[in-house]
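> Handing you a structure now.
The values are calculated or read from the model by the stated rules, or taken from the named source; none is laboratory data. None of the values given here were measured: they were computed from a predicted structure. Here the Cβ is made from the backbone with ideal geometry for all residues, glycine too, and neighbour counts use every protein chain on show.
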Amino acid sequence: GGVCIAQSLKIPREPRTGEFDKIIRRLLETSNARAVIMFANEDDIRRVLDAAKRNNQTGHFLWVGSDSWGSKISPVIGQERVAEGAITILPKRASVDAFDRYFRSRSLSNNRRNVWFAEFWEENFNCKLGMHGKRPGSLKKCTGLEKVGRDSSYEQEGKVQFVMDAVYAMAHALHRMHRELCYGYPGLCPRMANNIDGKELLNHIRAVRFNGSAGTPVVFNENGDAPGRYDIFQYQINNRSTAEYRVIGSWTNKLHLKLEALRWRTGDPSLPQSVCSLPCRAGERKKVVKGSPCCWHCERCEGYHFQASEFTCELCPYEKRPDINRTGCVSIPIIKLEWHSPWAIIPMFISMLGIIATSFVMVTFVRYNDTPIVRASGREMSYVLLTGIFLCYAITFLMIATPDVGVCSLRRIFLGLGMCFSYAALLTKTNRIHRIFEQGKKSVTAPRFISPASQLVITFSLISVQLLGVFVWFAVDPPHTVVDYGEQRTQDPLSARGVLKCDISDLSLICSLGYSILLMVTCTVYAIKTRGVPETFNEAKPIGFTMYTTCIIWLAFIPIFFGTSQSAERMYIQTTTLTISLSLSASVSLGMLYMPKVYIILFHPEQNVPKRKRSFKAIVTAATMSGKLTQKGGDRPNGEVKTELCESMETNIWKKKKKSIEFIAPR
């Protein structure tokens with residue numbers, strides 16, 4: 001009925017020295033189980049209390065004693081503080097007046113049948129019965145005229161009632177048995193005299209029903225037990241430091257307890273607790289100690305586990321985490337790269353500056369479209385290259401925007417397209433320069449496909465490969481968004497986040513950029529091959545410096561991008577690294593190829609004039625001698641010599657009207 005045994009200890013019949021101290025130490029192993037129920041004789045009870053006192057456990061244990069303790073003084077003498085608050089029981093008893101009258105009338109003369117009565121007489125009256133008395137020493141001689149209750153103290157033993165009732169129960173049982181087996185036969189009939197069956201007699205004892213010596217009914221249940229009738233005592237120390245047993249309740253078929261009469265430790269009004277283990281907190285499961293169902297250890301549900309029941313922890317679904325109390329699961333918050341995040345602000349700031357600068361260059365070129373410098377730069381290819389630079393800056397905003405199907409589609413298209421525009425145009429330019437000077441070393445005939453229209457066709461053919469790859473990607477794996485719960489699945493579930501992003505793996509990203517990187521590497525190879533042309537002919541050397549710098553940028557990008565794949569900040573670092581790398585690549589191209597031209601157009605218009613023409617043969621000769629001749633910087637206008645093929649002349653070449661190209665020579 002709500003009582004659980006934390007541990008059960010036995011007191012040896014012949015305890016050795018230190019045995020009771022060992023028992024106290026064993027009880028302290030379950031220190032929260034403070035209530036100790038003792039079924040022991042009064043001597044063992046006294047020694048247990050004494051051991052608790054020696055081990056400084058006064059007030060720790062809550063003692064519950066059986067009727068062997070009852071209201072006896074001997075177990076608690078000298079250790080009242082240790083026994084304070086002890087609950088004990090005694091069977092309900094009533095004094096039998098007839099027994100008192102009978103016992104007080106007994107004397108040595110009328111009670112000779114009791115062989116122990118003479119010894120009792122000496123003990124009770126503290127005297128000696130002649131030379132044959134049992135008590136040693138020089139005591140007064142008993143007169144035989146002493147009277148119980150007059151010449152000595154007398155109090156009826158508490159168990160007299162039960163002894164009398166037990167005798168009467170046996171008598172009633174024998175009487176019932178005699179009527180059944182020996183009906184009408186005086187005395188014992190042969191069936192009872194020769195062989196009495198003990199089980200049959202026990203059945204007759206259990207069947208008796210009569211009023212006992214105290215007027216209470218005497219009956220037995222099916223187990224042979226009489227109804228329990230007990231008085232409940234508590235050993236209390238009052239305000240005057242006087243210890244006494246006080247009746248605090250009773251048991252007669254049910255418990256009657258006077259709660260207001262209970263008193264525990266002096267000065268402590270709180271109700272003491274006795275549990276083997278304290279209740280587990282929320283989010284903790286019970287791990288029951290083997291053999292002790294009321295004792296357990298509390299184990300916290302760790303990681304992504306929650307308390308599913310009193311004894312079990314279970315793992316939350318992958319998209320969820322335990323709540324603050326670990327009693328259930330809640331959805332993991334979903335995050336994305338926000339516009340106001342520092343990881344987004346810096347790339348956007350760089351991109352905005354780049355877009356403004358690119359737009360400014362483009363407007364300048366459009367406005368001065370027919371000037372020599374713009375025409376010498378190859379207007380058509382310049383606009384393609386500027387478009388690629390613009391797209392490299394603009395992709396930053398798509399990479400930061402909230403992912404959805406539309407944004408993911410645009411990311412796939414434009415992520416590699418800006419680089420493809422840029423490096424396809426630069427590759428076409430460097431390839432054209434390389435072919436011109438390689439052809440010039442063999443003959444004076446100009447190579448094929450060097451006209452602006454041819455260059456555009458080659459450039460857009462290269463770009464179409466990138467677009468074809470993207471469309472195949474669309475067909476094989478349509479764009480969609482995913483929530484990645486593994487990227488920021490930290491050790492602490494409270495820090496876990498789901499990342500909303502486009503379903504683009506690192507491999508898909510590299511494949512998307514791979515073609516553009518191939519164009520970039522090929523363009524670098526041609527830039528190296530054309531590094532010896534005369535004085536930056538057709539921007540060969542600025543293109544070379546642009547490609548060298550771009551290669552360094554992307555070589556730095558790769559370890560940063562893939563080295564942070566296990567970081568909790570992966571989304572932020574990789575997005576920022578990618579967008580800044582794209583912006584820096586575009587900035588290098590814009591700064592090295594177009595800013596000097598814009599500077600001349602706006603601030604030195606006197607240098608933006610047509611130059612004289614040279615034959616194709618003269619150009620090739622100059623290319624051969626370029627490694628042998630060194631010109632002083634002071635002889636070069638604005639520090640460099642411009643060379644370019646004149647588009648109009650190229651057209652004439654293919655018409656075979658005139659085989660010459662325009663060459664801008666130093667003045």
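> What pairs come up if the first residue lies in region 124-152 and is on the phi > 0 side of the Ramachandran plot and in a loop (DSSP other than H, G, I, E, B), the second is loosely packed, with under 12 Cβ neighbours inside 10 Å and modelled with pLDDT of 85 or more, and their beta carbons are under 6 Å apart, counting only those six or more places apart or on different chains?
Correct list of pairs: empty, since none qualify.
> Count, please, the residues in region 1-40 that happen to be touching a Ser or Thr at 6+ places or on another chain (Cβ under 6 Å), loosely packed, with under 14 Cβ neighbours inside 10 Å and of a type outside the set (Phe, Trp, Tyr).
0
> Being within 30 Å of Ser31 (Cα to Cα), surrounded by 15 or more Cβ atoms within 10 Å (Cβ to Cβ) and not basic (Lys, Arg) narrows it down to one of Cys316, Cys329, Cys294, Cys298, so name that one. Write out each step before concluding.
Numbers: Cys316 fails: within 30 Å of Ser31 (Cα to Cα); Cys329 fails: within 30 Å of Ser31 (Cα to Cα); Cys298 fails: surrounded by 15 or more Cβ atoms within 10 Å (Cβ to Cβ).
After ruling out the rest, the residue left standing is Cys294.
> Would you check if there is a residue in region 102-124 being farther than 30 Å from Val36 by Cα, modelled with pLDDT under 90 and touching a Lys or Arg at 6+ places or on another chain (Cβ under 6 Å)?
Yes, region 102-124 contains a residue that is farther than 30 Å from Val36 by Cα, modelled with pLDDT under 90 and touching a Lys or Arg at 6+ places or on another chain (Cβ under 6 Å).
> Quick one: which residue in Leu271, Leu278 is surrounded by fewer than 13 Cβ atoms within 10 Å (Cβ to Cβ), touching a residue at least 60 places away in the same chain (Cβ under 8 Å) and outside the structural domain of Glu29 (by TED's automatic domain parsing)? Show your work before the answer.
Details: Leu271 fails: touching a residue at least 60 places away in the same chain (Cβ under 8 Å).
Just one listed residue meets the conditions, Leu278.
> If you don't mind, another one. Could you look through region 209-231, keep only residues that are in contact with a Phe, Trp or Tyr (Cβ under 7 Å, 6 or more places away or on another chain) and aliphatic (A, V, I, L, M), and pick out the one that is surrounded by the most Cβ atoms within 10 Å (Cβ to Cβ)?
Looking at the filtered set, the residue picked out is Val218.
> I've got another one for you. Mind checking which strands (runs of 3 or more DSSP E) fall wholly inside region 213-260 and carry at least 2 residues that are touching a strand residue (DSSP E or B) at 6+ places or on another chain (Cβ under 8 Å) and without any contact (Cβ under 8 Å) to a residue 24 or more places away in the chain? Step through it out loud before you land on a result.
Details: elements: 229-237, 243-252, 255-257.
Per the criteria, 243-252, 255-257.
> Determine which member of the set Ala83, Ala166, Ala94 is under 30 Å from Asp44 (Cα atoms) and in contact with a Leu (Cβ under 6 Å, 6 or more places away or on another chain).
Numbers: Ala166 fails: in contact with a Leu (Cβ under 6 Å, 6 or more places away or on another chain); Ala94 fails: in contact with a Leu (Cβ under 6 Å, 6 or more places away or on another chain).
Residue meeting the stated conditions: Ala83.
> Which of the residues belonging to region 598-609 are in a helix (DSSP H, G or I) and over 17 Å from Phe390 (Cβ atoms)?
Applying the first criterion (in a helix (DSSP H, G or I)) to region 598-609 yields 598-603, 605-607.
Listed by number, the residues that qualify are Tyr599, Ile600, Ile601, Leu602, Phe603, Pro605, Glu606, Gln607.
> Kindly evaluate Arg26 against the criterion of being free of Cβ contacts under 8 Å to residues at least 24 places away in the same chain and either within 47 Å of the chain's Cα centre (by Cα) or part of a strand (DSSP E or B) (or both). Full working, then the answer.
Working: free of Cβ contacts under 8 Å to residues at least 24 places away in the same chain: yes; either within 47 Å of the chain's Cα centre (by Cα) or part of a strand (DSSP E or B) (or both): yes.
Against the criterion (free of Cβ contacts under 8 Å to residues at least 24 places away in the same chain and either within 47 Å of the chain's Cα centre (by Cα) or part of a strand (DSSP E or B) (or both)), Arg26 qualifies.
> Go through the residues of region 124-141 one by one and say whether even a single one is within 20 Å of Pro227 (Cα to Cα) and touching a helix residue (DSSP H, G or I) at 6+ places or on another chain (Cβ under 7 Å).
Residues of region 124-141 within 20 Å of Pro227 (Cα to Cα): none.
The answer is no; no qualifying residue exists.
> Taking region 470-490 only, how many residues are out of contact with any helix residue (DSSP H, G or I) (no Cβ under 7 Å at 6 or more places or on another chain) and more than 16 Å from Gly406 (Cα to Cα)?
9
> Same structure, new question: Looking at region 442-456, is at least one residue assigned to a helix (DSSP H, G or I) and within 22 Å of Val588 (Cα to Cα)?
Looking only at region 442-456, we keep the residues that are assigned to a helix (DSSP H, G or I), and these are 452-456.
Retained after the next criterion (residues that are within 22 Å of Val588 (Cα to Cα)): none.
Scanning region 442-456, I find no residue that is assigned to a helix (DSSP H, G or I) and within 22 Å of Val588 (Cα to Cα), so the answer is no.
Here is a yes/no grid of residues against (1) among the small types (Gly, Ala, Ser); (2) assigned by TED's automatic domain parsing to the domain that holds Glu569; (3) under 30 Å from Val384 (Cα atoms); (4) within 42 Å of the chain's Cα centre (by Cα):
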| residue | (1), (2), (3), (4) |
| --- | --- |
| Pro452 | no, yes, yes, no |
| Gln455 | no, yes, yes, no |
| Phe460 | no, yes, yes, no |
| Leu467 | no, yes, yes, no |
| Val472 | no, yes, yes, no |
| Ala475 | yes, yes, yes, yes |
| Pro493 | no, no, no, yes |
| Gly498 | yes, no, no, yes |
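> Would you say Ser71 is touching a strand residue (DSSP E or B) at 6+ places or on another chain (Cβ under 9 Å) and either in a loop (DSSP other than H, G, I, E, B) or within 24 Å of Arg25 (Cβ to Cβ) (or both)?
Working: touching a strand residue (DSSP E or B) at 6+ places or on another chain (Cβ under 9 Å): yes; either in a loop (DSSP other than H, G, I, E, B) or within 24 Å of Arg25 (Cβ to Cβ) (or both): yes.
Considered against the rule, which asks whether it is touching a strand residue (DSSP E or B) at 6+ places or on another chain (Cβ under 9 Å) and either in a loop (DSSP other than H, G, I, E, B) or within 24 Å of Arg25 (Cβ to Cβ) (or both), Ser71 comes out as yes.
> Could you list, in sequence order, all residues of region 149-163 that are surrounded by 15 or more Cβ atoms within 10 Å (Cβ to Cβ) and in contact with a Phe, Trp or Tyr (Cβ under 7 Å, 6 or more places away or on another chain)? Working first, answer last.
Keep residues of region 149-163 that are surrounded by 15 or more Cβ atoms within 10 Å (Cβ to Cβ), which gives 156, 158, 160-162.
Listed by number, the residues that qualify are Gln156, Val160.
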